[in-house]
1. Just for the stretch 26-43: of the residues that are in a loop (DSSP other than H, G, I, E, B) and on the phi < 0 side of the Ramachandran plot, which one is modelled with the lowest pLDDT?
2. With respect to Ala49, is the statement that it is in contact (Cβ under 8 Å) with a residue 40 or more places away in the chain, surrounded by 15 or more Cβ atoms within 10 Å (Cβ to Cβ) and touching a Phe, Trp or Tyr at 6+ places or on another chain (Cβ under 7 Å) true?
3. For the stretch 49-61, does any single residue satisfy the condition of being part of a loop (DSSP other than H, G, I, E, B), farther than 13 Å from Ala19 by Cα and of a type in the set (Ser, Thr, Tyr)?
4. Would you be able to tell me the number of residues in the stretch 1-22 that are touching a Phe, Trp or Tyr at 6+ places or on another chain (Cβ under 6 Å) and of a type in the set (Lys, Arg)?
5. Can you give me the number of residues within the stretch 19-59 that are within 20 Å of Gln70 (Cα to Cα) and out of contact with any Asp or Glu (no Cβ under 7 Å at 6 or more places or on another chain)?
6. Given the criterion within 14 Å of the ligand (Cβ to nearest atom), surrounded by 11 or more Cβ atoms within 10 Å (Cβ to Cβ) and either among the basic types (Lys, Arg) or under 12 Å from the mean Cα position of the chain (by Cα) (or both), identify the matching residue among Arg38, Arg62.
7. Between residues in the stretch 19-33 that are within 16 Å of the ligand (Cβ to nearest atom) and open to solvent by less than 30 Å² (accessible area, probe 1.4 Å) and residues that are part of a loop (DSSP other than H, G, I, E, B) and modelled with pLDDT of 95 or more, which pairs lie under 9 Å by C-beta distance while being six or more apart or on different chains?
8. Which residue is modelled with the highest pLDDT, if the candidates are limited to the stretch 65-75 and must be hydrophobic (A, V, I, L, M, F, W, C) and within 15 Å of the ligand (Cβ to nearest atom)?
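The values are calculated or read from the model by the stated rules, or taken from the named source; none is laboratory data. Because the structure is a prediction, the values reported are computed rather than measured. With ideal geometry, Cβ positions are generated from the backbone for all residues, glycine too; neighbour counts draw on all protein chains shown. Side chains included, ligands, DNA and RNA excluded: accessible areas come from the protein's heavy atoms. Shrake-Rupley method; radii C 1.70, N 1.55, O 1.52, S 1.80 Å.
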Amino acid sequence: MRQWQTYIPNGSLLCVVEASCCEEYILCNEGGEHFIRRQAADGIYEETARGPYMRAATVWVRLSAGHVHQREAAS
Ligand SMILES: [Zn+2]
């Protein structure tokens, strides 16, 4: 399992590189560091795989592929 940590801004401008379906996982660039950010159920942002672009992007693709899209409930 991947380790998620509470997202702590490093003071640089946060740029969204790519957002997965439903914006479940956001690939971010913050002062040259790349990482994946997600919003936990309680609204707190969490991050993982902080580091070089290729590493973060690879993890992001893998996470995005595991997304199960929930269609709008046909109630
Ligand atoms: Zn989706």
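1. So, considering only residues that are in a loop (DSSP other than H, G, I, E, B) and on the phi < 0 side of the Ramachandran plot, the one modelled with the lowest pLDDT is Ala41.
2. yes
3. For the stretch 49-61, residues part of a loop (DSSP other than H, G, I, E, B), farther than 13 Å from Ala19 by Cα and of a type in the set (Ser, Thr, Tyr): absent.
4. So the answer is 0.
5. So the count comes out to 12.
6. Arg38
7. Ile26/Ser20; Leu27/Ser20
8. Among those residues, the one meeting the criterion is Ala65.
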